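Can you keep this structure in mind? I'll have questions shortly.
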Amino acid sequence: MGRRRAAGLLLAFAGLWGLSGCAPDDASTAATAGDDACARMFSTNDTHGRLLPAEQSWSDGRPVGGSAALAAYIARERAAEPECPLFVVSGGDFMQGTLISNLTDGRSTIEAMNGIGYDAVAIGNHEFDWGVDVLVDRVAEADFAMLGANIFLRGTDRHPDWVRPWTIVERDGVRIGFVGMITPSTPTITRAVNVVDFEFGSIAEALDRYIPVVREEGVDFVVAVMHEGAFCKDDDEGNDACEGRALEALAATTAGFDYAVTGHTHSRVETEVRGVPVIQSFSNTTAYGLGRIDRDAAGTVSARRLGIHRVWADEIAPDPGLEEIVASYSAELSDLMDRIVVTLPEELRAPRDGDFPLGRIVADAQRAASGADIALMNNGGIRRPLPAGPVTYSDLFELQPFGNMLIRHTMSGAQLLRTLEHSIRDGETDLHVSGITVRYDPAAAEGERILEVTLDDGSPVRSEGRYEVTVNDFLSTGGGGYATFPEAEATVAAGLADLEALVAHLEAQPQPFPVPRDPRWIESPAGR
């Protein structure tokens, strides 16, 4: 164990007991009166095991991201202002999502992040995807702190012994205190069995609990790093309008912090909360955020964003050490990764909500594999678009990287209708369907939005009927708040993972590939 890491562990354990300190009224309390100081923040979020560069739908054929390019950009930023130390942090969800990461349960990603030189990261909900034992192993292998100040043992206010709520990193005489948090929604967006022993508390309360502890240890600045997100978009006057749970949590925090890095929503966030910069940099190593914090001789702290910058892999010489690390893992997988499974006539997008062809294809694959009457697929499990032309196994793995097993349920029609009703609880459809067509009114009262459900043979779904319904094991265990599946009778494993089902379905289709264009959710307001 390195000296810095050992010291951080001792400070973390000390912090668990030192809760009597008072939070400063603002973020300008300095570690040493009369001393000026500065720090630059290099941040990523939701990198999802993206160790290799890849073309994106918006990149005009140029490769974007990857660990070797990211490390090279960090070196460039360090050289740009050597007098102001650079700290590297992540807003979480850094391991899950690609073959090169998942087939090692994230070990390859941790090795790459160690080589890059991350200082602190927030634990994300997808860090739990392979179970707690695997996560504990990855925590032990990391040279950086994995933080979860709002992760508690169920029924207590104590953290698991492998969780650190905060850490202090010193570089060139500048001490930064990092407090890290995870989204409180983790129990509903993660396999229930993987988080059953934990509770995920308020981000604001965690910050208020630990910022005073970190301040008492003598730091120059405090940075909040969280796996909770927000969205920004231009309003009618061309100004950024930002909203989201991360911003709400920061606004509710009474203790002073100097800078904040968010994640989880895979979006661009550049805003402020009470004058403090907040930044989030898309996802998949396609961009990084940059910021700077200064303290003058009078002790006044100021911070500013320095923008979000694209990681163009063809613009910079890759870091050779990181190239070697990644190559050592990718060489073993190249034959599998590059195998062409299907050729598509057009790009298939993956919006966050709504009914779209790619989601219909995934649902069709699961129904075909399981022999069920109906299949339902949650939009959150569809992780990327597919390009026009040849589609590789690696592309499909990134589309469905979680290794979810397919589970078949015997459900009553009433349970199915309740499930579909829950899918449109926010006015947009959250499930893709196969085997049925749904007519609905999003403006109707809760419980009355589903107007009619018809099976593919034209017969209506009846409340008293019995139907075989296939879903993935995330939904089957109540993920996404779908309580009907744990209630359903005689669950039977279909015996296939979702990715296996998708590959088999795509390979069985005629060419040119038949894209399912007809909508299966039909908005039909009552009275029309």
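The values are calculated or read from the model by the stated rules, or taken from the named source; none is laboratory data. Owing to the predicted nature of the structure, the values given are computational and were not obtained by experimental measurement. Neighbour counts run over all protein chains shown; Cβ positions are idealised from the backbone, glycine included.
Counting just the residues of region 117-142 that are of a type in the set (Val, Ile, Thr) and surrounded by 23 or more Cβ atoms within 10 Å (Cβ to Cβ), which one comes out farthest from Gly380 (Cα to Cα)?
Applying the filter and picking the extreme gives Val121.
Also, quick follow-up: For region 246-259, check the following and say yes or no: at least one residue is at pLDDT 95 or above and in a strand (DSSP E or B).
Yes; the residues of region 246-259 include at least one that is at pLDDT 95 or above and in a strand (DSSP E or B).
Picking from Tyr482, Tyr440, which residue would you name as being in contact with a His (Cβ under 7 Å, 6 or more places away or on another chain) and in the same structural domain as Asn378 (by TED's automatic domain parsing)?
Of Tyr482, Tyr440, the one residue that is in contact with a His (Cβ under 7 Å, 6 or more places away or on another chain) and in the same structural domain as Asn378 (by TED's automatic domain parsing) is Tyr482.
Could you count how many residues in region 56-76 are surrounded by fewer than 17 Cβ atoms within 10 Å (Cβ to Cβ) and either touching a residue at least 24 places away in the same chain (Cβ under 8 Å) or under 30 Å from Ala37 (Cβ atoms) (or both)?
4
Give the residue, chosen from Glu452, Glu500, that is of a type in the set (Asp, Glu) and out of contact with any Ser or Thr (no Cβ under 9 Å at 6 or more places or on another chain). Give the steps one after another, and end with the answer.
Working: Glu452 fails: out of contact with any Ser or Thr (no Cβ under 9 Å at 6 or more places or on another chain).
Result: Glu500 is the single residue among Glu452, Glu500 that is of a type in the set (Asp, Glu) and out of contact with any Ser or Thr (no Cβ under 9 Å at 6 or more places or on another chain).
Which pairs do you get when a residue that is within 20 Å of Gly117 (Cα to Cα), found in region 90-103, comes within reach of a residue that is assigned to a strand (DSSP E or B) and among the hydroxyl-bearing types (Ser, Thr, Tyr), reach meaning Cβ atoms under 8 angstrom, with the pair 6+ apart or on two chains?
Ser90/Ser43; Ser90/Thr44; Gly91/Ser43; Gly91/Thr44; Phe94/Thr44
From the residues in region 241-264 that are among the polar types (S, T, N, Q) and touching a residue at least 60 places away in the same chain (Cβ under 8 Å), which one is nearest to Ala206 (Cα to Cα)?
Once the filter is applied, the top-ranked residue is Thr254.
How many residues does region 295-344 contain that are in contact with a strand residue (DSSP E or B) (Cβ under 9 Å, 6 or more places away or on another chain) and not aliphatic (A, V, I, L, M)?
14
Out of the residues in region 54-100 that are of a type outside the set (A, V, I, L, M, F, W, C) and in a strand (DSSP E or B), which is nearest to Arg175 (Cα to Cα)?
Ser90
Moving on. Pick out the one residue from Ile293, Ile316, Ile308, Ile325 that is modelled with pLDDT of 95 or more and under 17 Å from Val222 (Cα atoms).
None of the others qualify; the one that does is Ile293.
Consider Ala149 carefully, then state whether it is on the phi < 0 side of the Ramachandran plot, outside any loop (DSSP other than H, G, I, E, B) and surrounded by 21 or more Cβ atoms within 10 Å (Cβ to Cβ).
no
Now for a different question. Is one or more of the residues making up region 36-44 at pLDDT below 95, surrounded by fewer than 16 Cβ atoms within 10 Å (Cβ to Cβ) and assigned by TED's automatic domain parsing to the domain that holds Phe144?
Within region 36-44 (the criterion being at pLDDT below 95, surrounded by fewer than 16 Cβ atoms within 10 Å (Cβ to Cβ) and assigned by TED's automatic domain parsing to the domain that holds Phe144), the answer is yes, since at least one residue qualifies.
Matching residues to (1) within 22 Å of the chain's Cα centre (by Cα); (2) farther than 22 Å from Ala122 by Cβ; (3) among the charged types (D, E, K, R):
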site: Leu247; (1), (2), (3): yes, no, no
site: Glu272; (1), (2), (3): yes, no, yes
site: Gln280; (1), (2), (3): yes, no, no
site: Thr285; (1), (2), (3): yes, no, no
site: Arg295; (1), (2), (3): no, yes, yes
site: Arg310; (1), (2), (3): yes, yes, yes
site: Ala313; (1), (2), (3): no, yes, no
site: Pro318; (1), (2), (3): no, yes, no
site: Gly321; (1), (2), (3): no, yes, no
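Could you check region 283-312 and list, in sequence order, the residues that are surrounded by 24 or more Cβ atoms within 10 Å (Cβ to Cβ), assigned to a loop (DSSP other than H, G, I, E, B) and of a type in the set (A, V, I, L, M, F, W, C)?
Matches in region 283-312: Val311 only.
Yes/no per residue for (1) within 19 Å of Met146 (Cα to Cα); (2) modelled with pLDDT under 95; (3) buried (at least 20 other Cβ atoms within 10 Å of the Cβ); (4) in contact with a Gly (Cβ under 9 Å, 6 or more places away or on another chain):
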{"residue": "Arg171", "(1), (2), (3), (4)": "yes, no, no, no"}
{"residue": "Phe178", "(1), (2), (3), (4)": "yes, no, yes, no"}
{"residue": "Ile182", "(1), (2), (3), (4)": "yes, no, yes, yes"}
{"residue": "Tyr210", "(1), (2), (3), (4)": "yes, no, yes, yes"}
{"residue": "Arg215", "(1), (2), (3), (4)": "no, no, yes, yes"}
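So which strands (runs of 3 or more DSSP E) stay within region 325-433 end to end and still have 1 or more residues that are surrounded by fewer than 21 Cβ atoms within 10 Å (Cβ to Cβ)?
In region 325-433, 340-344, 389-392, 405-412 are the strands (runs of 3 or more DSSP E) which contain 1 or more residues that are surrounded by fewer than 21 Cβ atoms within 10 Å (Cβ to Cβ).
Collect the residues in region 196-234 that are free of Cβ contacts under 8 Å to residues at least 60 places away in the same chain, more than 12 Å from Trp166 (Cβ to Cβ) and assigned to a helix (DSSP H, G or I), keeping them in residue-number order.
Listed by number, the residues that qualify are Ile203, Ala204, Glu205.
Within region 184-198, does at least one residue satisfy the condition of being farther than 24 Å from Phe128 by Cα and surrounded by fewer than 16 Cβ atoms within 10 Å (Cβ to Cβ)? So that I can check it myself, show each step before the final result.
In the first step, residues of region 184-198 are kept if they are farther than 24 Å from Phe128 by Cα; the result is none.
The answer is no, given that none of the residues of region 184-198 is farther than 24 Å from Phe128 by Cα and surrounded by fewer than 16 Cβ atoms within 10 Å (Cβ to Cβ).
Go through region 338-359 and give me each residue that's over 19 Å from Ala501 (Cα atoms) and touching a Ser or Thr at 6+ places or on another chain (Cβ under 7 Å).
Of everything in region 338-359, those that are over 19 Å from Ala501 (Cα atoms) and touching a Ser or Thr at 6+ places or on another chain (Cβ under 7 Å) turn out to be Glu347, Asp353, Gly354, Asp355.
Among the numbered criteria (1) in a helix (DSSP H, G or I); (2) at pLDDT 95 or above, which one does His126 miss?
Only one criterion in (1) in a helix (DSSP H, G or I); (2) at pLDDT 95 or above is unmet by His126, namely (2).
Output the residues belonging to region 157-169 that are buried (at least 21 other Cβ atoms within 10 Å of the Cβ) and of a type outside the set (Ser, Thr, Tyr). Don't jump to the end; show me each part of the working.
Taking region 157-169 and keeping what is buried (at least 21 other Cβ atoms within 10 Å of the Cβ), we get 163-169.
The answer is Val163, Arg164, Pro165, Trp166, Ile168, Val169.
Let me ask something else about it. Do you know which residues across region 160-171 are in contact with a Leu (Cβ under 7 Å, 6 or more places away or on another chain) and either on the phi > 0 side of the Ramachandran plot or of a type outside the set (Lys, Arg) (or both)?
Pro160, Pro165, Trp166, Thr167, Ile168
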